[in-house]
1. Of (1) in contact (Cβ under 8 Å) with a residue 12 or more places away in the chain; (2) crowded, with 16+ Cβ neighbours inside 10 Å; (3) out of contact with any Asp or Glu (no Cβ under 8 Å at 6 or more places or on another chain), Leu236 satisfies all except one. Which?
2. Can you tell me which condition Gly336 does not meet? The list is (1) assigned to a helix (DSSP H, G or I); (2) outside the structural domain of Lys124 (by TED's automatic domain parsing), and all the others hold.
3. When the residues of segment 36-47 are narrowed to those that are modelled with pLDDT of 95 or more and buried (at least 17 other Cβ atoms within 10 Å of the Cβ), which ends up farthest from Ala102 (Cα to Cα)?
4. Select, from Thr165, Thr238, Thr218, the only residue that is of a type in the set (S, T, N, Q) and part of a loop (DSSP other than H, G, I, E, B).
5. With respect to the numbered conditions (1) in the same structural domain as Thr137 (by TED's automatic domain parsing); (2) surrounded by 14 or more Cβ atoms within 10 Å (Cβ to Cβ); (3) modelled with pLDDT of 95 or more, which one is the sole condition not fulfilled by Leu344?
6. Tally time: how many residues in segment 174-219 are among the basic types (Lys, Arg) and surrounded by 16 or more Cβ atoms within 10 Å (Cβ to Cβ)?
7. For Gly229, which of the numbered conditions (1) within 30 Å of Phe71 (Cα to Cα); (2) surrounded by fewer than 15 Cβ atoms within 10 Å (Cβ to Cβ); (3) out of contact with any helix residue (DSSP H, G or I) (no Cβ under 9 Å at 6 or more places or on another chain) fails to hold?
8. Of the conditions (1) in a loop (DSSP other than H, G, I, E, B); (2) over 29 Å from Leu28 (Cα atoms), Gln116 satisfies every one except a single condition; which number is it?
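The values are calculated or read from the model by the stated rules, or taken from the named source; none is laboratory data. Only a predicted model underlies this, so the values are computations on that prediction, with no experimental measurement involved. With ideal geometry, Cβ positions are generated from the backbone for all residues, glycine too; neighbour counts draw on all protein chains shown.
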Amino acid sequence: MEEEKNDVIDIKKLLKSVVKHGASDMHLVSRSEPQIRIGGKLKAVNLPILTGDDIEEMCYSVITEKQKQFFEEHNELDFAIQIPGIGRFRGNYYKTMGDMAAAFRIIPVEIPSLDQLGAPAVYKEIIKREKGVILVTGPTGSGKSTTMAAIINEVNLTESKHILTVEDPVEFIHQNKKSLFSHRGVGDDTASFAAALKYALRQDPDVIVIGEMRTRETISAGLSAAETGHLVFGTLHTSSAPGTISRILDVFGGDEQPAIRAMIAGSLIAVISQMLLPKLGGGRVCVPEILVTTNAISNLIREDKVHHIYSQMQLGQGGTGMQTQTQVLLREYEAGKVSKDAILQYANKKEEVKKKLGMPV
């Protein structure tokens, strides 16, 4: 990955090298060499230290004049680009200490199948439902976009549906197989998530994919779409399945809570909350906590007893595909895939894990 010291680095060549090295992300920050993330860890690239002017010249070379103008007005820019022969990337430009900086996420051109990801069998079952809400959640860098893409790909392979996606920006581009896709990018194809979802039902979708369900408007629209007979997928930045339900409820005021609880209880199919742990020997292991809505779970949501859901998840595994994060962590540890230190570091319920391992709490 060497370049001429006197020339500004060609960002397309750099991204090509990043893909070749199997990295997931690349960072460009002034007063530092380019950095890439491999196996979850950052690593400096053997290239000259960048200046703010270097980064500006590199980054402006791959965006449109409209995007450049937006960045100069707002100091923030989210976008996705396809570079022929190299790959697809999600980019974010921002300012740090007055200089331009950038983060690029590599988006696989080939969408992985659920089998390739080693996904639990329940994923293929829940997507057979005609209507309802399925949420894939996790912190940044947890692989939720890839999991969501694989789930939607499974629908595409097995069902004849009109699938409408609303994203900022559009990440994975699905080719029409059995299904028909309408990809809508916020800022390019629609003004906002709220605007896209307002008109979505007039576009005859069977499946609606909402890139981020963060606001009251997007959550309400997603739940309403599910109630009117659509299968809705969405992502959130939450770290547990029960916590996801609490997060959604917290967006709404107290007087709205009973109605929203009833909507969630009636429409929620499943929550997949995942994270990636460092794998012994290299790579990473996906740890998904899976909540599948049963009658008991629905009743707990409706009765404002979300704090009891975790106990129900521990009890109600039989045949539902439900699993807690602790159960998955211990299974991966016993299989020799992850270290004890890793599961203790990443566990949401550290005391529970320690007890299961026979350690003092």
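1. (3)
2. Evaluating Gly336 over (1) assigned to a helix (DSSP H, G or I); (2) outside the structural domain of Lys124 (by TED's automatic domain parsing) leaves (1) as the failure.
3. Taking the candidates together, the pick is Arg37.
4. Thr238
5. That leaves (1) as the condition not met.
6. 2
7. (1)
8. Single failed check for Gln116: (1).
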